[in-house]
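Student: Before we start, here is the structure in question, set down as C-alpha coordinates.
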Amino acid sequence: MEGLARSQINPIHATFTQYRSSFVPAFSLQFKNNLTSGGILFMKPSQSCNSITASVQPLKASSLGHCNNTLPSKEVLELWRSADSVCFDVDSTVCLDEGIDELAEFCGAGKAVAEWTAKAMGGSVPFEEALAARLSLFKPSLSQVQDFLEKRPPKISPGIDELVKKLKAKNTNVYLISGGFRQMINPVASILGIPPENIFANQLLFGSSGEFLGFDANEPTSRSGGKATAVQQIRKVHGYKALVMIGDGATDLEARKPGGADLFICYAGVLLRETVAAKADWLVFSFIDLINSLE
(Lines give C-alpha, C1' and ligand atoms only; values in the text may rest on other atoms or scores of the structure.)
Protein backbone atom coordinates (compact mmCIF):
# COMPACT_ATOMS: atom_id res chain seq x y z
CA MET A 1 0.00 0.00 0.00
CA GLU A 2 3.06 2.26 -0.34
CA GLY A 3 2.46 5.66 -1.83
CA LEU A 4 -1.30 5.42 -1.85
CA ALA A 5 -3.43 8.55 -1.79
CA ARG A 6 -5.13 9.47 1.48
CA SER A 7 -8.87 8.85 1.27
CA GLN A 8 -11.87 10.41 2.93
CA ILE A 9 -15.21 8.72 3.43
CA ASN A 10 -18.30 10.64 2.44
CA PRO A 11 -21.75 9.29 3.27
CA ILE A 12 -24.30 9.30 0.47
CA HIS A 13 -28.03 9.03 0.33
CA ALA A 14 -29.29 7.38 -2.82
CA THR A 15 -32.40 6.53 -4.72
CA PHE A 16 -32.18 3.93 -7.45
CA THR A 17 -33.77 3.33 -10.81
CA GLN A 18 -33.70 0.11 -12.78
CA TYR A 19 -30.49 -1.15 -14.40
CA ARG A 20 -30.70 -0.89 -18.19
CA SER A 21 -27.28 -1.05 -19.79
CA SER A 22 -24.76 -3.89 -19.85
CA PHE A 23 -21.83 -1.48 -19.62
CA VAL A 24 -23.01 1.88 -18.27
CA PRO A 25 -25.08 1.78 -15.06
CA ALA A 26 -28.35 3.70 -15.29
CA PHE A 27 -28.82 4.45 -11.62
CA SER A 28 -29.50 7.89 -10.24
CA LEU A 29 -28.08 9.16 -6.96
CA GLN A 30 -28.86 12.16 -4.82
CA PHE A 31 -25.84 13.36 -2.90
CA LYS A 32 -25.95 15.31 0.33
CA ASN A 33 -22.19 15.73 0.48
CA ASN A 34 -19.87 16.77 -2.32
CA LEU A 35 -17.20 14.31 -3.33
CA THR A 36 -13.60 15.10 -2.60
CA SER A 37 -10.60 13.92 -4.59
CA GLY A 38 -9.70 10.42 -3.53
CA GLY A 39 -13.01 9.95 -1.77
CA ILE A 40 -14.78 6.68 -1.15
CA LEU A 41 -18.41 6.08 -2.00
CA PHE A 42 -20.26 3.23 -0.35
CA MET A 43 -23.06 1.43 -2.16
CA LYS A 44 -26.33 0.82 -0.34
CA PRO A 45 -27.28 -2.87 -0.30
CA SER A 46 -30.51 -3.91 -1.92
CA GLN A 47 -33.05 -5.99 -0.05
CA SER A 48 -33.64 -8.52 -2.83
CA CYS A 49 -31.44 -11.58 -3.39
CA ASN A 50 -31.21 -14.16 -6.14
CA SER A 51 -29.39 -17.18 -4.67
CA ILE A 52 -26.80 -14.73 -3.37
CA THR A 53 -26.45 -13.51 0.19
CA ALA A 54 -26.85 -9.82 -0.62
CA SER A 55 -27.00 -7.32 -3.45
CA VAL A 56 -25.63 -3.85 -4.08
CA GLN A 57 -26.57 -1.16 -6.56
CA PRO A 58 -24.00 0.72 -8.64
CA LEU A 59 -23.41 4.43 -9.00
CA LYS A 60 -24.32 6.41 -12.05
CA ALA A 61 -21.22 6.67 -14.19
CA SER A 62 -21.78 10.39 -14.84
CA SER A 63 -21.21 11.10 -11.14
CA LEU A 64 -17.56 10.11 -11.50
CA GLY A 65 -16.44 13.34 -13.10
CA HIS A 66 -13.03 12.65 -14.62
CA CYS A 67 -13.53 8.88 -14.91
CA ASN A 68 -14.24 8.03 -18.55
CA ASN A 69 -13.28 4.37 -18.54
CA THR A 70 -16.64 2.70 -17.96
CA LEU A 71 -16.63 1.57 -21.58
CA PRO A 72 -13.68 -0.71 -22.44
CA SER A 73 -11.45 0.04 -25.39
CA LYS A 74 -11.13 -2.55 -28.11
CA GLU A 75 -7.69 -3.52 -26.80
CA VAL A 76 -8.95 -3.89 -23.22
CA LEU A 77 -11.91 -5.99 -24.34
CA GLU A 78 -9.72 -8.28 -26.42
CA LEU A 79 -7.29 -8.75 -23.55
CA TRP A 80 -10.12 -9.53 -21.12
CA ARG A 81 -11.59 -12.11 -23.49
CA SER A 82 -8.22 -13.77 -24.09
CA ALA A 83 -7.09 -13.88 -20.44
CA ASP A 84 -5.84 -17.27 -19.31
CA SER A 85 -5.71 -16.14 -15.67
CA VAL A 86 -7.91 -13.81 -13.61
CA CYS A 87 -7.02 -12.75 -10.06
CA PHE A 88 -9.72 -11.35 -7.78
CA ASP A 89 -9.42 -9.25 -4.68
CA VAL A 90 -11.78 -10.57 -1.98
CA ASP A 91 -12.94 -7.85 0.44
CA SER A 92 -15.37 -5.40 -1.21
CA THR A 93 -14.98 -7.28 -4.50
CA VAL A 94 -15.77 -10.99 -4.33
CA CYS A 95 -17.38 -10.31 -0.95
CA LEU A 96 -19.54 -7.37 0.08
CA ASP A 97 -17.63 -6.45 3.21
CA GLU A 98 -14.17 -6.07 4.73
CA GLY A 99 -13.49 -9.34 6.54
CA ILE A 100 -11.28 -8.01 9.31
CA ASP A 101 -13.81 -5.27 10.12
CA GLU A 102 -16.60 -7.83 10.35
CA LEU A 103 -14.55 -10.12 12.59
CA ALA A 104 -13.56 -7.19 14.81
CA GLU A 105 -17.18 -6.08 15.12
CA PHE A 106 -18.15 -9.62 16.07
CA CYS A 107 -15.44 -9.55 18.76
CA GLY A 108 -16.53 -6.13 20.07
CA ALA A 109 -13.88 -3.86 18.54
CA GLY A 110 -15.56 -2.87 15.30
CA LYS A 111 -15.30 0.92 15.44
CA ALA A 112 -11.63 1.10 16.41
CA VAL A 113 -10.60 -1.44 13.80
CA ALA A 114 -12.68 0.19 11.05
CA GLU A 115 -10.82 3.46 11.69
CA TRP A 116 -7.52 1.64 11.17
CA THR A 117 -8.86 0.01 8.02
CA ALA A 118 -9.65 3.47 6.61
CA LYS A 119 -6.05 4.53 7.34
CA ALA A 120 -4.67 1.41 5.69
CA MET A 121 -6.80 1.79 2.56
CA GLY A 122 -5.96 5.50 2.41
CA GLY A 123 -2.27 4.74 2.39
CA SER A 124 -1.38 6.85 5.43
CA VAL A 125 0.31 3.84 7.10
CA PRO A 126 2.07 0.77 5.68
CA PHE A 127 -0.22 -2.23 5.29
CA GLU A 128 1.76 -4.50 7.62
CA GLU A 129 1.67 -1.86 10.38
CA ALA A 130 -2.07 -1.38 10.00
CA LEU A 131 -2.67 -5.14 9.97
CA ALA A 132 -0.72 -5.67 13.19
CA ALA A 133 -2.39 -2.69 14.86
CA ARG A 134 -5.90 -3.84 13.97
CA LEU A 135 -5.34 -7.38 15.20
CA SER A 136 -3.80 -6.11 18.45
CA LEU A 137 -7.02 -4.25 19.22
CA PHE A 138 -9.05 -7.45 19.63
CA LYS A 139 -6.67 -10.44 19.35
CA PRO A 140 -9.19 -12.98 18.05
CA SER A 141 -8.94 -16.48 19.48
CA LEU A 142 -9.41 -19.59 17.36
CA SER A 143 -12.78 -20.26 19.00
CA GLN A 144 -13.94 -16.71 18.20
CA VAL A 145 -12.96 -17.10 14.55
CA GLN A 146 -14.75 -20.44 14.33
CA ASP A 147 -17.85 -18.98 15.99
CA PHE A 148 -17.76 -16.02 13.62
CA LEU A 149 -17.56 -18.25 10.55
CA GLU A 150 -20.46 -20.36 11.78
CA LYS A 151 -22.75 -17.44 12.60
CA ARG A 152 -21.79 -15.09 9.76
CA PRO A 153 -21.36 -16.92 6.45
CA PRO A 154 -19.69 -15.07 3.55
CA LYS A 155 -21.68 -12.36 1.79
CA ILE A 156 -20.92 -13.00 -1.85
CA SER A 157 -21.20 -10.16 -4.36
CA PRO A 158 -23.98 -10.48 -6.94
CA GLY A 159 -22.85 -12.15 -10.14
CA ILE A 160 -19.42 -13.32 -8.97
CA ASP A 161 -20.41 -16.98 -8.90
CA GLU A 162 -21.70 -16.82 -12.47
CA LEU A 163 -18.60 -14.95 -13.62
CA VAL A 164 -16.25 -17.51 -12.06
CA LYS A 165 -18.22 -20.35 -13.70
CA LYS A 166 -18.01 -18.56 -17.04
CA LEU A 167 -14.25 -18.08 -16.73
CA LYS A 168 -13.68 -21.70 -15.70
CA ALA A 169 -15.77 -22.84 -18.69
CA LYS A 170 -13.29 -20.95 -20.87
CA ASN A 171 -10.41 -22.76 -19.13
CA THR A 172 -9.36 -19.52 -17.47
CA ASN A 173 -7.63 -20.07 -14.13
CA VAL A 174 -9.10 -18.09 -11.23
CA TYR A 175 -7.22 -16.90 -8.13
CA LEU A 176 -8.16 -15.09 -4.94
CA ILE A 177 -5.55 -12.60 -3.72
CA SER A 178 -6.31 -10.89 -0.44
CA GLY A 179 -4.88 -9.03 2.52
CA GLY A 180 -7.53 -10.88 4.55
CA PHE A 181 -7.18 -14.22 6.26
CA ARG A 182 -7.27 -17.73 4.82
CA GLN A 183 -9.51 -18.90 7.64
CA MET A 184 -12.20 -16.52 6.35
CA ILE A 185 -11.45 -16.85 2.64
CA ASN A 186 -11.45 -20.65 2.46
CA PRO A 187 -15.28 -20.80 2.76
CA VAL A 188 -15.56 -18.22 -0.05
CA ALA A 189 -13.25 -20.25 -2.27
CA SER A 190 -15.28 -23.37 -1.51
CA ILE A 191 -18.51 -21.67 -2.60
CA LEU A 192 -16.91 -20.55 -5.86
CA GLY A 193 -15.10 -23.81 -6.54
CA ILE A 194 -11.63 -22.27 -6.35
CA PRO A 195 -8.93 -24.69 -5.15
CA PRO A 196 -6.91 -23.86 -1.98
CA GLU A 197 -3.68 -23.63 -3.97
CA ASN A 198 -5.18 -20.69 -5.87
CA ILE A 199 -5.56 -18.61 -2.71
CA PHE A 200 -2.97 -16.02 -1.72
CA ALA A 201 -3.90 -14.52 1.65
CA ASN A 202 -2.75 -14.03 5.23
CA GLN A 203 -2.77 -16.65 7.93
CA LEU A 204 -3.82 -16.11 11.54
CA LEU A 205 -1.61 -17.93 14.02
CA PHE A 206 -2.87 -19.54 17.22
CA GLY A 207 -1.25 -21.28 20.20
CA SER A 208 -1.92 -24.77 21.49
CA SER A 209 -4.88 -23.50 23.52
CA GLY A 210 -6.31 -21.53 20.61
CA GLU A 211 -4.96 -18.21 21.84
CA PHE A 212 -4.09 -15.53 19.29
CA LEU A 213 -0.38 -15.32 18.46
CA GLY A 214 -0.31 -13.04 15.43
CA PHE A 215 -0.11 -13.56 11.69
CA ASP A 216 2.32 -15.21 9.31
CA ALA A 217 4.65 -12.44 8.12
CA ASN A 218 6.02 -14.74 5.40
CA GLU A 219 2.85 -14.43 3.34
CA PRO A 220 3.44 -11.90 0.53
CA THR A 221 0.05 -10.26 1.13
CA SER A 222 0.98 -9.45 4.75
CA ARG A 223 2.98 -6.40 3.65
CA SER A 224 2.84 -3.43 1.34
CA GLY A 225 3.12 -4.36 -2.33
CA GLY A 226 2.20 -7.94 -1.48
CA LYS A 227 -0.54 -8.40 -4.05
CA ALA A 228 1.79 -7.31 -6.82
CA THR A 229 4.36 -9.82 -5.56
CA ALA A 230 1.74 -12.59 -5.48
CA VAL A 231 0.63 -11.87 -9.04
CA GLN A 232 4.21 -11.84 -10.25
CA GLN A 233 4.80 -15.20 -8.55
CA ILE A 234 1.69 -16.68 -10.15
CA ARG A 235 2.74 -15.51 -13.59
CA LYS A 236 6.33 -16.69 -13.20
CA VAL A 237 5.31 -20.17 -12.04
CA HIS A 238 2.56 -20.77 -14.60
CA GLY A 239 3.73 -18.64 -17.52
CA TYR A 240 0.32 -17.10 -18.24
CA LYS A 241 0.15 -15.09 -21.45
CA ALA A 242 -2.62 -12.72 -20.35
CA LEU A 243 -3.33 -12.07 -16.65
CA VAL A 244 -6.08 -9.77 -15.34
CA MET A 245 -6.43 -8.31 -11.83
CA ILE A 246 -9.88 -7.28 -10.56
CA GLY A 247 -10.37 -5.34 -7.35
CA ASP A 248 -11.38 -2.08 -5.71
CA GLY A 249 -8.23 -0.84 -3.98
CA ALA A 250 -4.84 0.67 -4.65
CA THR A 251 -3.11 -2.59 -3.70
CA ASP A 252 -5.02 -4.24 -6.56
CA LEU A 253 -3.99 -1.47 -8.93
CA GLU A 254 -0.37 -2.06 -7.89
CA ALA A 255 -0.56 -5.54 -9.36
CA ARG A 256 -0.54 -4.02 -12.86
CA LYS A 257 3.18 -3.79 -13.33
CA PRO A 258 5.94 -5.48 -15.39
CA GLY A 259 5.80 -9.21 -14.78
CA GLY A 260 2.41 -8.84 -13.12
CA ALA A 261 -1.08 -8.12 -14.40
CA ASP A 262 -1.57 -6.95 -17.99
CA LEU A 263 -4.92 -5.40 -17.17
CA PHE A 264 -6.52 -3.90 -14.06
CA ILE A 265 -10.31 -3.81 -13.85
CA CYS A 266 -11.66 -1.68 -11.02
CA TYR A 267 -14.83 -3.17 -9.52
CA ALA A 268 -16.93 -0.46 -7.86
CA GLY A 269 -20.05 -2.48 -7.18
CA VAL A 270 -19.51 -2.25 -3.43
CA LEU A 271 -17.54 0.96 -3.02
CA LEU A 272 -15.72 3.40 -5.25
CA ARG A 273 -12.23 4.72 -4.64
CA GLU A 274 -11.98 7.54 -7.15
CA THR A 275 -8.19 7.70 -7.30
CA VAL A 276 -8.07 3.98 -8.10
CA ALA A 277 -11.00 4.07 -10.54
CA ALA A 278 -9.41 6.88 -12.53
CA LYS A 279 -6.29 4.80 -13.18
CA ALA A 280 -8.06 1.55 -14.05
CA ASP A 281 -8.08 0.12 -17.57
CA TRP A 282 -11.79 -0.53 -17.13
CA LEU A 283 -14.22 0.59 -14.45
CA VAL A 284 -17.26 -1.64 -13.84
CA PHE A 285 -20.11 -1.45 -11.33
CA SER A 286 -21.56 -4.90 -11.94
CA PHE A 287 -20.06 -8.28 -12.68
CA ILE A 288 -22.81 -8.60 -15.28
CA ASP A 289 -20.72 -6.27 -17.46
CA LEU A 290 -17.82 -8.70 -17.38
CA ILE A 291 -20.06 -11.73 -17.91
CA ASN A 292 -21.80 -10.21 -20.93
CA SER A 293 -18.50 -9.08 -22.46
CA LEU A 294 -17.26 -12.68 -22.58
CA GLU A 295 -20.09 -13.69 -24.91
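The values are calculated or read from the model by the stated rules, or taken from the named source; none is laboratory data. Keep in mind the model is a prediction, meaning the values are calculated, not measured. Methodologically, a virtual Cβ is constructed for each residue, glycine included, from the backbone with ideal geometry; neighbour enumeration extends over all protein chains shown.
Student: Looking for whichever is more than 18 Å from residue 106 (Cβ to Cβ), without any contact (Cβ under 8 Å) to a residue 24 or more places away in the chain and either in the same structural domain as residue 105 (by TED's automatic domain parsing) or crowded, with 20+ Cβ neighbours inside 10 Å (or both) here; the options are 189, 201, 132, 169. Which one fits?
Tutor: 189
Student: Where in the stretch 68-124 are there helices (runs of 4 or more DSSP H), lying fully within it, with 2 or more residues that are under 17 Å from the mean Cα position of the chain (by Cα) and closer than 12 Å to residue 134 by Cα?
Tutor: Values: elements: 74-82, 99-106, 110-122.
Output list reads 99-106, 110-122.
Student: I would also like to ask the following. Starting from residues that are within 16 Å of the chain's Cα centre (by Cα) and in contact (Cβ under 8 Å) with a residue 40 or more places away in the chain, keep the ones in the stretch 225-234 and report whichever is nearest to residue 205 (Cα to Cα).
Tutor: Out of the qualifying residues, it is 226.
Student: Among the candidates 126, 154, which residue alone is touching a residue at least 40 places away in the same chain (Cβ under 8 Å) and buried (at least 21 other Cβ atoms within 10 Å of the Cβ)?
Tutor: Every option except 154 fails the conditions.
Student: Further, regarding this structure: Pull up the stretch 241-289, narrow it to residues that are of a type in the set (Lys, Arg) and either more than 18 Å from residue 118 (Cα to Cα) or not assigned by TED's automatic domain parsing to the domain that holds residue 227 (or both), then point me to the one that is surrounded by the most Cβ atoms within 10 Å (Cβ to Cβ).
Tutor: My answer is 256.
Student: Does any residue of the stretch 170-181 turn out to be part of a strand (DSSP E or B) and over 19 Å from residue 251 (Cβ atoms)?
Tutor: Within the stretch 170-181, one or more residues are part of a strand (DSSP E or B) and over 19 Å from residue 251 (Cβ atoms).
Student: If you go through the stretch 235-247 one residue at a time, do you hit one that is in a loop (DSSP other than H, G, I, E, B) and under 18 Å from the mean Cα position of the chain (by Cα)?
Tutor: Checked against the condition, which is being in a loop (DSSP other than H, G, I, E, B) and under 18 Å from the mean Cα position of the chain (by Cα), the stretch 235-247 yields no hits at all.
Student: Something else about it: Restricted to the stretch 204-213, and to residues that are in contact with a strand residue (DSSP E or B) (Cβ under 7 Å, 6 or more places away or on another chain) and loosely packed, with under 15 Cβ neighbours inside 10 Å, which residue is farthest from residue 87 (Cα to Cα)?
Tutor: The selected residue is 207.
Student: Can you tell me which of (1) modelled with pLDDT of 90 or more; (2) touching an Asp or Glu at 6+ places or on another chain (Cβ under 8 Å) is the one residue 80 doesn't meet?
Tutor: (2)
Student: Further, regarding this structure: Answer yes if at least one residue in the stretch 202-220 is part of a helix (DSSP H, G or I) and either out of contact with any Cys (no Cβ under 9 Å at 6 or more places or on another chain) or farther than 20 Å from residue 237 by Cβ (or both), and no otherwise.
Tutor: Filtering the stretch 202-220 down to residues part of a helix (DSSP H, G or I) leaves 220.
Adding the requirement that they be either out of contact with any Cys (no Cβ under 9 Å at 6 or more places or on another chain) or farther than 20 Å from residue 237 by Cβ (or both) leaves 220.
Yes - at least one qualifying residue is present in the stretch 202-220.
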